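Reviewing the structure listed below.
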Amino acid sequence: MTIDHRPLAYEVGPLMITGFGLAVLAAFVVAQIVAQHELKRRGYNPEPVGDMIFAAVLGSLVGAKLYFVALTGDIDTLFSRGGFVFWGGLIGGILAVTILVMRRKLGFWRIADVAGLSIMPAYAVGRTGCWAVGDDYGRPWDSPLAVRFPEGAPPSTAQNMQEMFGIPVPADVPPNTVLAVHPTQLYEVTMAFILFLLLLRLRDHKHAEGWLMGVYCVMAGVERFIVEFFRAKDDRFFGVLTVAQVIALVFIAIGIAVMAMRSRVTPEARGIYATA
């Protein structure tokens with residue numbers, strides 16, 4: 001028995017409230033709660049987190065859209081409702097928050113360490129929005145756990161699989177047939193939540209500030225590299241690898257470098273607690 005998905009969306013007067021919008025809002029709220037709690041626990045003032053979240057929202061929106069424009073080569077997508085791509089959003093958010101942190105002299109590595117713990121649960125929550133609207137699903141899958149997206153964005157039809165994602169479909173399958181696929185959104189929600197629990201176990205680390213951000217980069221890169229093999233994608237420009245997988249490998253390399261660079265507490269690289 002295959003599961004049929006229906007998008008979560010409600011009209012409230014002239015507004016359309018979607019599951020994606022609610023999930024994105026909840027993701028930033030979760031990030032703020034975790035960051036404020038962790039900074040306070042470490043002995044620092046959590047008040048600047050609100051401004052950092054605002055910067056992250058703006059940076060994420062701009063970065064995600066610019067990444068999508070670069071990926072599609074269509075400038076018109078800049079003004080469409082869709083096209084909010086994770087890697088673009090993450091990079092844009094990091095840049096925006098970094099500028100704010102540097103201007104206010106809040107301590108780049110201190111904030112980076114806390115951000116490494118905060119982004120992962122936000123990602124887990126945010127990915128529920130992709131599930132809610134039927135976006136970012138996977139390749140066709142013959143399993144009782146597979147899901148069909150007849151009203152997805154786009155619907156998981158045989159025609160869309162071939163024309164939009166370059167995935168071959170048997171010739172005897174009618175174009176309008178809704179195919180069952182991997183629910184990759186739920187894969188990512190599950191993996192991100194598990195990785196968040198691992199980061200929680202590491203939050204009292206004895207390394208220098210910033211080390212935990214390195215761990216996050218490695219975890220986020222590995223998670224995305226794995227799930228891309230199951231995603232319905234049309235951007236496999238590097239042999240069998242997608243653009244997202246190449247970026248994931250870059251993040252893994254950056255994470256390993258940061259972990260090595262911030263592995264020891266020194267007079268120039270302090271520990272994570274204010275009293276340390």
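The values are calculated or read from the model by the stated rules, or taken from the named source; none is laboratory data. None of the values given here were measured: they were computed from a predicted structure. As a convention, Cβ positions derive from the backbone with ideal geometry for all residues, glycine included, and neighbour counts pool all protein chains shown. To get the accessible areas, we keep the full protein, side chains included, count just its heavy atoms, and leave off ligands, DNA and RNA. Shrake-Rupley method; radii C 1.70, N 1.55, O 1.52, S 1.80 Å.
Taking segment 27-61 only, how many residues are in a helix (DSSP H, G or I), open to solvent by 20 Å² or more (accessible area, probe 1.4 Å) and touching an Asp or Glu at 6+ places or on another chain (Cβ under 9 Å)?
1
Conditions: (1) open to solvent by 40 Å² or more (accessible area, probe 1.4 Å); (2) touching a residue at least 40 places away in the same chain (Cβ under 8 Å). PRO14 meets all but one. Number of the miss?
Looking at each condition in turn, PRO14 falls short on (2).
One line per residue, one yes/no per condition, for (1) crowded, with 17+ Cβ neighbours inside 10 Å; (2) modelled with pLDDT under 95:
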| position | (1), (2) |
| --- | --- |
| PHE68 | yes, yes |
| THR72 | no, yes |
| LEU78 | no, yes |
| GLY83 | yes, yes |
| GLY88 | yes, yes |
| VAL97 | yes, yes |
| VAL133 | yes, yes |
| ARG139 | yes, no |
| SER156 | yes, no |
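Would you confirm whether or not segment 162-173 contains a residue that is assigned to a loop (DSSP other than H, G, I, E, B), of a type in the set (D, E, K, R) and open to solvent by 50 Å² or more (accessible area, probe 1.4 Å)?
yes
Within the bounds of segment 110-117, is there any residue that is within 17 Å of GLN36 (Cα to Cα), touching a residue at least 40 places away in the same chain (Cβ under 8 Å) and surrounded by fewer than 20 Cβ atoms within 10 Å (Cβ to Cβ)?
yes
Determine, yes or no, whether LEU200 is over 25 Å from VAL125 (Cβ atoms) and open to solvent by 10 Å² or more (accessible area, probe 1.4 Å). If you could, list the steps in order and put the result at the bottom.
Details: over 25 Å from VAL125 (Cβ atoms): no; open to solvent by 10 Å² or more (accessible area, probe 1.4 Å): yes.
It is false that LEU200 is over 25 Å from VAL125 (Cβ atoms) and open to solvent by 10 Å² or more (accessible area, probe 1.4 Å).
Report yes if VAL125 is assigned to a helix (DSSP H, G or I), closer than 25 Å to GLU47 by Cα, modelled with pLDDT of 95 or more and open to solvent by 30 Å² or more (accessible area, probe 1.4 Å), otherwise no.
Yes; evaluated as a whole, the condition is true for this residue.
Just a yes or no: is a residue in segment 206-226 out of contact with any helix residue (DSSP H, G or I) (no Cβ under 6 Å at 6 or more places or on another chain), loosely packed, with under 15 Cβ neighbours inside 10 Å and within 26 Å of GLY152 (Cα to Cα)?
yes
I'd like the full set of residues that are modelled with pLDDT of 95 or more, closer than 21 Å to ASP142 by Cα and outside any helix (DSSP H, G or I), limited to segment 182-229.
Of everything in segment 182-229, those that are modelled with pLDDT of 95 or more, closer than 21 Å to ASP142 by Cα and outside any helix (DSSP H, G or I) turn out to be HIS182, PRO183.
The rows are residues; the columns are (1) modelled with pLDDT of 90 or more; (2) in contact with a strand residue (DSSP E or B) (Cβ under 6 Å, 6 or more places away or on another chain); (3) not hydrophobic (A, V, I, L, M, F, W, C).
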position: MET1; (1), (2), (3): no, no, no
position: ALA31; (1), (2), (3): yes, no, no
position: ALA35; (1), (2), (3): yes, no, no
position: LEU39; (1), (2), (3): yes, no, no
position: TYR44; (1), (2), (3): yes, no, yes
position: GLU47; (1), (2), (3): yes, no, yes
position: GLY59; (1), (2), (3): yes, no, yes
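Which one is nearest to TYR44 (Cα to Cα), of the residues in segment 237-276 that are open to solvent by 10 Å² or more (accessible area, probe 1.4 Å), part of a loop (DSSP other than H, G, I, E, B) and without any contact (Cβ under 8 Å) to a residue 40 or more places away in the chain?
Going through the qualifying residues, I end up with ALA276.
Any idea which of (1) at pLDDT 95 or above; (2) among the polar types (S, T, N, Q); (3) more than 30 Å from VAL215 (Cβ to Cβ) is the one SER143 doesn't satisfy?
Exception for SER143: condition (1).
Regarding segment 156-165, can at least one residue be identified that is in contact (Cβ under 8 Å) with a residue 60 or more places away in the chain and out of contact with any Asp or Glu (no Cβ under 9 Å at 6 or more places or on another chain)?
There is at least one residue in segment 156-165 that is in contact (Cβ under 8 Å) with a residue 60 or more places away in the chain and out of contact with any Asp or Glu (no Cβ under 9 Å at 6 or more places or on another chain).
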